[in-house]
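The values are calculated or read from the model by the stated rules, or taken from the named source; none is laboratory data. Keep in mind that what you see is a predicted model, and the values were worked out from it rather than measured. Here Cβ is always computed from backbone atoms with ideal geometry, including for glycine, and neighbour counts include all displayed protein chains.
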Amino acid sequence: MRASRDNRLPAIAGAAVAILAGGALLSTLGEKPTSLSTPPLPATSKTTPADPKLAPKAHAREAREAEIARRFQQGVVMLHAKQFDHAIVALHRVLELSPQMPEAHVNMGFALLGKEDYKAARDFFATAIELHPEQNNAYYGLAISLEELEDIRGALGAMETYVHLAKAEGPHLRKARAATWELREQLKSAGAPQPTVAEPMDLPDARQEQEGDAKAKSPEVKG
């Protein structure tokens, strides 16, 4: 069954082209690239903890920051272990505490890719890009999501943006270049016009949908 499109998400490079691609982009890239998830947050400098009685606000802030770092680390570990349900639980807590953190939105997107929930993953990658337009790994994940949702033109725009922003050669960049070729071939086979350059993104404010999506998919895991 053809996936329905969210009308609030214009394709990155123009109108979406619906093609039954059969996961061609994932085939080109290999398995879902959880290794592109954002790594753990750097450790904060060791300072004397605030006294909860003398400085309750500072103490509460330190406790919040420590929980964010701990939960983010849990999410990264679970992503690399392909324990996607547990990653979603940890990252959902991070986003409760720090909803404007683009790295957490990206990693939630990769966890949802692992669950094959491409629509929800797309929305998290889109929000990461809204929060930080140079969040490069968000474009990579967005390209995979859009291709699975049959928006080949949009997937091409996202992957070309990833290639444009990439700062160093590496296996992911080589795969991304191969993927852009594959996506252009799909457009060519469909008789669709070929974009010459990726146009600026026009992404929706998907944050209101995300919280409900993540809660609905988060199993009850203690710890």
Residues satisfying the stated conditions in the range 79-96, i.e. modelled with pLDDT of 95 or more and closer than 28 Å to residue 133 by Cβ: 84, 87, 88, 90, 91, 92, 93, 94, 95, 96
Residue within the range 114-124 that is in contact with a helix residue (DSSP H, G or I) (Cβ under 6 Å, 6 or more places away or on another chain), surrounded by 20 or more Cβ atoms within 10 Å (Cβ to Cβ), of a type in the set (D, E, K, R) and farther than 21 Å from residue 93 by Cα present: no
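For residue 134, state whether it is under 14 Å from the mean Cα position of the chain (by Cα), of a type in the set (D, E, K, R) and modelled with pLDDT under 95.
yes
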Qualifying position, being within 29 Å of residue 61 (Cα to Cα) and either assigned to a helix (DSSP H, G or I) or not basic (Lys, Arg) (or both), among 91, 113, 142: 91
Hits in the range 181-195 - residues which are under 23 Å from the mean Cα position of the chain (by Cα) and closer than 10 Å to residue 153 by Cα: 183, 184
